[in-house]
Ligand SMILES: Nc1ncnc2c1ncn2[C@@H]1O[C@H](COP(=O)(O)OP(=O)(O)OP(=O)(O)O)[C@@H](O)[C@H]1O
Ligand SMILES: [Mg+2]
């Protein structure tokens, strides 16, 4: 559905997107993660045909985004990170305006607009002026308007930013529903755990490059080869350290008052053996568990601690 090859965007001498390759299959939700200034918006604007690339190619459903802007418009729905709404327009008029822009005949508009307002939970606001809507509502309206022409690929630039937790859940639900309609969705965000829950794939971008991409599970596995285990005891922590030091698979040990953490380089069976040896030595172990990597940590690992 989406195939980006060798994409470069320079603003003067500054390279905002640096030889980016990315492919997303139909029906996937791809999460674009990266710190401020990584190049997410720039990439998305090129995909949406709003910005010309310096070099490289972007194919969307077989259409060359750089060469065929009119056909591209049919294929994609774009929700920008910042957008204005017009004064003096009611929600239904606003949607009608966009349906008109996509040359949808009058007779078909209600049949398209009503289900979309349902999807984003704004059916009861049809006759309200758009500039009086709350920010979250405007954001959902913007999602609805990007769907009027039934695009195959949705490009959403931080659709959940600034939303309260409830509005976030609603936005997420709307996106999940869109996935069931077999839309392909590209979504950028700084909120990593949220993306993990909803995306089929994620890519981590920094300084114009995609550092790593794959399913959330894949990325975790590739990055969390180092296993970290925490142990807690009601007894003497030093005794645990003593036992652990005898094991060649245990790397570094960090001791606290009633617990410790150690890096470990072995299999699950090896781990079970360690627990067994602790218990055999009569140490009262109250907790023994492997720490799970989360996306935030992974993000920090790959980007070397760049700000979220
Ligand atoms: N019109 C422009 N002229 C010059 N530089 C620009 C322009 N637009 C963006 N940049 C630069 O390109 C880089 C990438 O910006 P971009 O907006 O794509 O980042 P982003 O990943 O979307 O960041 P954020 O998370 O803050 O939205 C930044 O360093 C930015 O300063
Ligand atoms: Mg941005």
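Only the coordinates and a few stated rules stand behind these numbers; no lab work does. Quick caveat, the model's predicted, so the values are computed rather than measured. FYI the Cβ positions are ideal-geometry reconstructions off the backbone, even for glycines, and counts take in every protein chain you see.
Using per-residue counts of other Cβ atoms within 10 Å, averaged over each peptide, order 69-79, 134-144 from highest down.
Averaged packing, sorted descending, gives the order 134-144, 69-79.
Determine, for each peptide in 202-209, 164-171, the mean count of other beta carbons within 10 angstrom over its residues, then list the peptides with the highest first.
Top to bottom by mean Cβ count within 10 Å: 202-209, 164-171.
In nm, to one decimal, how far is the residue 68 label point from the residue 234 one, both placed 7 Å along Cα→Cβ?
Between residue 68 and residue 234, the label points sit 7.1 nm apart.
Given the range 226-292, what whole percent of its Cα pairs are spread farther than 20 Å?
Summing the P(r) tail past 20 Å for the range 226-292 gives 13 percent.
Nearest 10 degrees is fine. How inclined is helix 135-145 to the longest principal axis of the chain, computing both from alpha carbons?
60 degrees
Would you mind computing, in nm to one decimal, how far apart the modelled labels at residue 176 and residue 300 are, each placed 7 Å from Cα along Cα→Cβ?
According to this spin-label approximation, the distance is 2.9 nm.
Can you give the angle from 0 to 90° between the axis of helix 106-119 and the longest principal axis of the chain, with both taken from C-alpha atoms, to the nearest 10?
The two axes meet at around 20 degrees.
Helix 268-280 versus the longest principal axis of the chain: what angle, 0 to 90°, nearest 10, using Cα atoms?
40 degrees
Would you kindly calculate the translational diffusion coefficient of the chain, applying Stokes-Einstein with the Kirkwood radius from alpha carbon pairs, for 25 °C and a viscosity of 0.890 mPa s, and quote it in µm² s⁻¹ without decimals?
Taking Rh from Cα pairs, D becomes 111 µm²/s.
Sticking with the crude label model, points 7 Å out along Cα→Cβ, report the distance from residue 52 to residue 10 in nm, one decimal please.
Inter-label distance under the simple model: 1.5 nm.
Kindly provide the helix-only [θ] at 222 nm of the chain, computed as the sum of -39,500 (n - 2.57) over DSSP H runs of four or more divided by all residues, to the nearest 500 deg cm²/dmol?
Here the helix-only value at 222 nm equals -11000 deg cm²/dmol.
So for the chain: antiparallel DSSP bridges make up what percent, rounded to the nearest 5?
Counting only bridges with both partners in the chain, antiparallel ones make up about 65 percent.
At 20 °C and 1.002 mPa s, grab the translational diffusion coefficient of the range 19-169 from Stokes-Einstein with a Kirkwood Rh over Cα pairs, rounded to a whole number in µm² per second.
Taking Rh from Cα pairs, D becomes 129 µm²/s.
Translational diffusion coefficient, Stokes-Einstein: compute it for the range 124-219 using the Kirkwood radius over C-alpha pairs as Rh, at 10 °C and 1.306 mPa s, and state it as an integer in µm² s⁻¹.
Values: Rh = 14.7 Å.
Reported coefficient: 108 µm²/s.
State the Kirkwood hydrodynamic radius of the range 15-71 in Å, one decimal place, computed from all pairs of distinct Cα atoms.
Here the Kirkwood hydrodynamic radius works out to 12.3 Å.
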